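Notes follow once the structure below has been shown.
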């Protein structure tokens, strides 16, 4: 018979268990630590990739201040010194809008990864109205019609996968993913049709979003209002309650007489409509459209929604965080003279790995072999 | 050779990119992991392979060895990128969709950093492996010459994967892991090991797809920009192929066919985007038809997208 | 004692221990010493000791939730103990995974079968087995057939699991373990899904294995099975080892006392039915499910108010479909489902009927004013109608008779018919696991209240009431119900369904997984419903309980009714026979 302490070596090295609950402060501590680790790792990667940084290691300071400078630094243009901040807020707002649009679907466990396409198609709808009616009718009417068309187009794009999911259980993740590309090529096709000799970018003279004090505020206010409305909708409305029940268990929903099909279709209509609304904001902001106008924000928004655990209020913070990272990473590649288009992706990707991975330490407890043994000895 | 034959061969050659990508994704999905990072992984594989070819391409090594080293590098880069995904989703049990999307962002950026940032302006690294293996009977400029060793490697990998999945114990175990990990675990199968192996090997194979496209099929240094969209198509193809690598060969050819249809029938450039849309529309149709027919054998692996934790109660 | 670090001192224990007195020649196969396992803050096992000998059947007895399965899962490598040691043949072993367990010749047949639905029986059996030579499924199937023949199982190795019945699946599970040459077999509640006849056959197989020198551990909470098949019994209570005794030295009462910790009156009340009137009539009910399988065949019966109708049958014989068909959860039903409401000369209320429905009925001249005169709401405002109805002066002319067929659950409710249904799958169907008690109360009532928005006040009050009345142990009304124990979950569900003021109360396996005290609470609640004149339909698996609690018992097999018996005179054997009677025979009988 062998002595217990020798056998301890044969026990699993690491043993996991699910946490029954964790103090919110501790959870946020873990998340901040992950963010810090991610930033340090990014610094190391930058060191490897940038010759400029290697030759002058002091530049590393610039690396870390870049995140602040990119979003909150003072611009050089005297007339608009806060441009960077407004810009940051505006694009956070747009990202937030898409994430909020996804939220009801995700709460229902309907994995809509088609926000990219739904937003683009909304933008296309708005652009179509602008193309055919721009300059021919009053600007205010044009904007209203653009909004209407965008919301309608987004709703159609969102509800198609929902109809098939409701009727035949067609896998929505893959369906919505494919719809993104259909939307992209449909946009490319129409742009070419409208402007056969063009470069693929269709610009408009009309259909500009009205300024509210400045050009940024309207979008920001819309997004915050949307976040509040979404929070109330999910927490206090009957629809929100039904969404939660369906998401948790379709059988429970049927059992209490909720029509699962109806809820799936209704929720995806809403999700698509909100994406369409965001598409309208893009159209009115850019006053042009290309097949890449959304630029992957529909995918980034999925990450934002997930990071916020589908809570609309937390989402405001997460959208800002992701944008802060993106803008900072862009600034870094400028400062450190590394590949401009690529570096932001690498930095954002790496930091996301850390934030995504850290959820593990929030949900699970890790026990190491050594500790159990000590406890055993203490008992003796 | 006739124009049509040229076109057909081109479809086959182009389709090989998808064979790599979708076979890799099938292996991953069979282990229960929906890897939306495949586009990023294909980018990394392509970048890694091309980079090595660039480093050794003008050396005195025999061409065969250069190609082999490039291929191995692509495999390794793909597998290593897959390892990031594996660690996050298998060990840390992170959400698969979100991790995959983040990986795609990362992979795309990293590819550009490697290929663009390291100033690969000349084509020195683009030694087309195919140019060392000529068909004796075809003319020098025949499109048949497009089909080279890497094309056949794709076919071999797909057929081999099908055989392993359906005819061997390892395949049986892997399918069990993807269908019902708790059962596989209780049967004494190393679930984590299988998941890691399938995901990393699958990613390595997908990485080859990126390498094949840049170096062999296209053979120019702008080609890498297309890879992300080819990656998404590869994921689509998995559905089209009903999770069977052999069917992925057929599907890949069809996709290749659809993709370059516009160049064959000489339609106006205006309708070209509609042609490019076709593969996605066809995939959606397949998805709908299989869900309506609802045959159990044609459904995605049951535990696809779900993390496994043994002590879940 | 339990915490002693040196097992060698304890090893001799069983040899001289009076209660476990074994002949010395019996060879020890496996020992567990001081096993402790926690899940978060819950202690599932605390310093448990257990011995298993070669060639014996050991029963591990305990109430649901006492940690039997957890303990066995640690031998099978599913869980790893936080503390304690396991010895085999005197050597300490570490079982980290099911693979380790197999290597030591341990195999477990889980209560919830661990099979891959998409695979054939043969593929499932060979899964994870290390064999020499090339893998060919044909060879595997031959070997499986050989094992089946040796122990007298009937099995088609190339049949897919999703095409199999429950008992076929169990057979696959047992062969799976035998195929690996296991010497120690653990069976977790193997009889729960079997008929009495199938149980007898299973026990024969187990005895044969025992004669082969194999050790068999059978987890159960059914006393008579323990007495019938086991050699020794180990009793667990609340995660702790209470005693190990020889089966022949004990009896049902002593075992119960050890299991529960106090003497318990095992008798279930059965008040005589008062004024039993037909409440729910089911005629020629026929149903094919979504896969096209014929799940209900020409089912006819009547459930009376003030009576408990038991439903007995092998698991999966159509019980679930029957209840779901009545509640409107099954489309494509044929036949009749008729609801009787003895309302003649009783006042109309808004409890079950909406204003809209009351107006509709009034237009059909269904009411009188207590003196036989017609009631007319013409030209009246809603508030005035409400006042009049609530004064109790508006009475029904006739009993209500309504067809419930082809109606969704929502439509049935809008008719003013309250059917309560406690489904088998509590957290997957009856409740939402991630929501608190308040939000779960709302499941039945959330449609009421301000347009568009939820009213949480009344559900909250109901939640508080149920917690108090039924003694639900919970940290608070917003704690997710998933975190509650099985008994408390069931109290929440049953409480809500009773608060719904039903006319028909249906419960599928309501005491499954509950400890004895909770089970008796549920029986009491059902009896109370019965006394209130509700028609209670109780689907159960424990025939003893069915016979003690119900007034009549309907026996169902393969979706057909094989008999309706008076529970006061029927016997277990009689029911068992009806449970397995083939349909052809059943038809002849009814002719």
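The values are calculated or read from the model by the stated rules, or taken from the named source; none is laboratory data. Just so it is clear, the model here is predicted, and its values are computed rather than measured. For neighbour counting, all protein chains shown are included, and Cβ atoms are generated from backbone atoms with ideal geometry for every residue, glycine included.
Here are a few things to note about the model shown:
- Unique residue being within 14 Å of chain B (Cβ to nearest Cβ), over 21 Å from residue B:232 (Cβ atoms) and either in contact with a helix residue (DSSP H, G or I) (Cβ under 9 Å, 6 or more places away or on another chain) or surrounded by 21 or more Cβ atoms within 10 Å (Cβ to Cβ) (or both) when the list is A:347, A:316: A:347
- For residue C:135: the one exception among (1) more than 23 Å from residue C:210 (Cα to Cα); (2) at the interface with chain B (Cβ under 10 Å from one of its Cβ atoms); (3) buried (at least 19 other Cβ atoms within 10 Å of the Cβ): (3)
- The lone exception for residue C:505 - which of (1) in a strand (DSSP E or B); (2) under 14 Å from the mean Cα position of the chain (by Cα) it fails: (2)
- Options B:82, B:45, B:70: the member that is surrounded by 24 or more Cβ atoms within 10 Å (Cβ to Cβ), in contact (Cβ under 8 Å) with a residue 40 or more places away in the chain, away from every other protein chain (no Cβ under 14 Å) and within 30 Å of residue B:172 (Cβ to Cβ): B:45
- Selection status of residue A:54, touching a helix residue (DSSP H, G or I) at 6+ places or on another chain (Cβ under 9 Å) and at pLDDT below 90: yes
- Filter result for residue C:476 (within 10 Å of chain A (Cβ to nearest Cβ), at pLDDT below 85 and either on the phi < 0 side of the Ramachandran plot or surrounded by fewer than 16 Cβ atoms within 10 Å (Cβ to Cβ) (or both)): no
- Answer residue from segment C:87-99, given it is surrounded by fewer than 19 Cβ atoms within 10 Å (Cβ to Cβ) and part of a loop (DSSP other than H, G, I, E, B) and is farthest from the other protein chains (Cβ to nearest Cβ) among those: C:89
- Some residue of segment C:112-126 being surrounded by fewer than 16 Cβ atoms within 10 Å (Cβ to Cβ), out of contact with any helix residue (DSSP H, G or I) (no Cβ under 7 Å at 6 or more places or on another chain) and away from chain B (no Cβ under 11 Å): no
- When residue B:281 is tested against the conditions (1) buried (at least 19 other Cβ atoms within 10 Å of the Cβ); (2) at pLDDT 80 or above, the lone failure is (1).
- Look at (1) surrounded by 20 or more Cβ atoms within 10 Å (Cβ to Cβ); (2) away from every other protein chain (no Cβ under 12 Å); (3) assigned to a strand (DSSP E or B) and you find that residue C:63 fails only one, number (3).
- Of all residues in segment A:195-235, those satisfying the criterion of being surrounded by 15 or more Cβ atoms within 10 Å (Cβ to Cβ), touching a strand residue (DSSP E or B) at 6+ places or on another chain (Cβ under 8 Å) and either over 30 Å from residue A:137 (Cβ atoms) or in contact (Cβ under 8 Å) with a residue 60 or more places away in the chain (or both) are A:202, A:204.
- Selected residue (criterion: surrounded by the fewest Cβ atoms within 10 Å (Cβ to Cβ)) from residues of segment A:170-194 that are without any contact (Cβ under 8 Å) to a residue 24 or more places away in the chain and more than 26 Å from the chain's Cα centre (by Cα): A:193
- Residue count, segment A:1-45 (criterion: at pLDDT below 80 and away from chain C (no Cβ under 14 Å)): 0
- Any hit, segment C:355-369, residues being assigned to a helix (DSSP H, G or I) and within 14 Å of chain A (Cβ to nearest Cβ): no
- Residue under evaluation residue C:102, criteria (1) buried (at least 22 other Cβ atoms within 10 Å of the Cβ); (2) outside any loop (DSSP other than H, G, I, E, B); (3) in contact with a helix residue (DSSP H, G or I) (Cβ under 8 Å, 6 or more places away or on another chain), criterion not met: (3)
- Check on residue C:464, modelled with pLDDT of 85 or more and farther than 18 Å from residue A:241 by Cβ: yes
- The selection criterion, being surrounded by fewer than 23 Cβ atoms within 10 Å (Cβ to Cβ), in contact with a helix residue (DSSP H, G or I) (Cβ under 7 Å, 6 or more places away or on another chain), modelled with pLDDT under 90 and within 26 Å of residue C:224 (Cα to Cα), does not hold for residue C:575.
- Among the criteria (1) more than 13 Å from chain A (Cβ to nearest Cβ); (2) closer than 23 Å to residue A:298 by Cβ; (3) outside any helix (DSSP H, G or I), the one residue B:34 does not fulfil is (1).
- Where residue C:280 falls short, out of the listed (1) under 28 Å from residue C:165 (Cβ atoms); (2) at pLDDT 90 or above: (1)
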